Amino acid sequence: MIAVADSLKGRSFTRVADWSRDEVLAVLGLADELKRLQLAREEHHLLPGRTLGMIFQKPSTRTRVSFEVGIYQLGGTALYLSAADLQLGRGETIRDTAIVLSRYLDAIMIRTFAQSDVEELAENASIPVINGLTDSSHPCQALADVMTIRERLGRLEGLKVVYLGDGNNVCASLMVACAKLGMDFVAATPTSYRPDDEAVRVAREAGGSVELLDDPRSAVTGADVLYTDVWTSMGQEDEREQRLRDLRGYGIDADLVALAGDDAIVLHCLPAHYGEEITEDVLYGPRSAVWDEAENRLHAQKALMALVIR
Ligand code: CP
Ligand code: NVA
């Protein structure tokens, strides 16, 4: 059985910013090892008998399935908790929920709207809380993203990652992760869709170079990674028509990919909207690492859980 360091036991993962470069690298190292074991069908029950509660206030395909399967492969089990079905949906406080769930569970994963709700849950829980996406961040996605970049390109330091489109939650977490790991990050977005100032500040403080541009074609020159995400995030459905108008021209198509480096890969956290932020031919084309990226959600989150759950 592989040994897992216990220095991260009990830690929550609510924002990439709170974790050091070495801590993120510890997750990536273990993720690579767990991926190898899983593909070899070698048992790795690092969390026997542990239970993960998964609170969802927004829909999910990848996050739900990868966490549920992941804890199962580690020897534990998961509970799907729709926020609407919990007393939380009827006004029970986050604090009371955190205290009670800590008596039953070994960790909580939560997908919700406000980042402050996740922080409040983590402050009041005595077990690790993992952020499965908020309006402002998606740190588990960022783990799988950097894992995929390293797997495909063999390194992280010095790579140029260009994010195109809406400077949203996925962009913010990826930007901070890239900055921590020595990558150069460029966000090419319309001015009013730039990533959150706070995330930019945190990324720059982490020592990374972050550029905010508005021309996608000049941004992708020399890029090692092109990244995009949906233009209308969960909860923004009423803005969809406006967003489609504002973001036209920021999608990844074959012409844009041709302007990037010869070995550049394309990532998308999914779900994708063909013909909006990415064309179908690029998504399924030879540069796409999107399906490995989706798979790596499983391995990265298994590593995260194995490191933080007692
Ligand atoms: N990328 C991602 O988080 O996908 P889901 O919304 O399906 O979980
Ligand atoms: N930005 C998207 C990501 C979906 C995984 C959203 O928040 O809906």
Matching residues, the range 215-242, being buried (at least 21 other Cβ atoms within 10 Å of the Cβ) and among the charged types (D, E, K, R): Asp224, Asp229
Test result for Ile130, on the phi < 0 side of the Ramachandran plot and either touching a strand residue (DSSP E or B) at 6+ places or on another chain (Cβ under 6 Å) or of a type in the set (Phe, Trp, Tyr) (or both): yes
Of all residues making up the range 182-203, the number that are within 14 Å of Asp18 (Cα to Cα) and either surrounded by fewer than 24 Cβ atoms within 10 Å (Cβ to Cβ) or more than 18 Å from the chain's Cα centre (by Cα) (or both): 3
Test for Asp292: is it part of a helix (DSSP H, G or I), in contact (Cβ under 8 Å) with a residue 12 or more places away in the chain and more than 16 Å from ligand 2 (Cβ to nearest atom): yes
Number of positions in the range 244-272 that are within 16 Å of ligand 2 (Cβ to nearest atom) and under 12 Å from Val282 (Cα atoms): 5
Of residues in the range 47-65 being within 18 Å of the chain's Cα centre (by Cα) and among the polar types (S, T, N, Q), the one farthest from ligand 1 (Cβ to nearest atom): Gln57
Selection from the range 153-180 of residues that are surrounded by fewer than 24 Cβ atoms within 10 Å (Cβ to Cβ), aliphatic (A, V, I, L, M) and not in a helix (DSSP H, G or I): Leu156, Leu159
Meets criteria (in a strand (DSSP E or B), surrounded by fewer than 21 Cβ atoms within 10 Å (Cβ to Cβ), hydrophobic (A, V, I, L, M, F, W, C) and at pLDDT 95 or above) for Leu212: yes
Qualifying strands (runs of 3 or more DSSP E) (wholly inside the range 71-152; at least 3 residues being within 16 Å of ligand 1 (Cβ to nearest atom)): 77-82, 107-111
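The values are calculated or read from the model by the stated rules, or taken from the named source; none is laboratory data. Predicted, not measured: the structure shown is a model, and the values here were computed from it. Here Cβ is always computed from backbone atoms with ideal geometry, including for glycine, and neighbour counts include all displayed protein chains.
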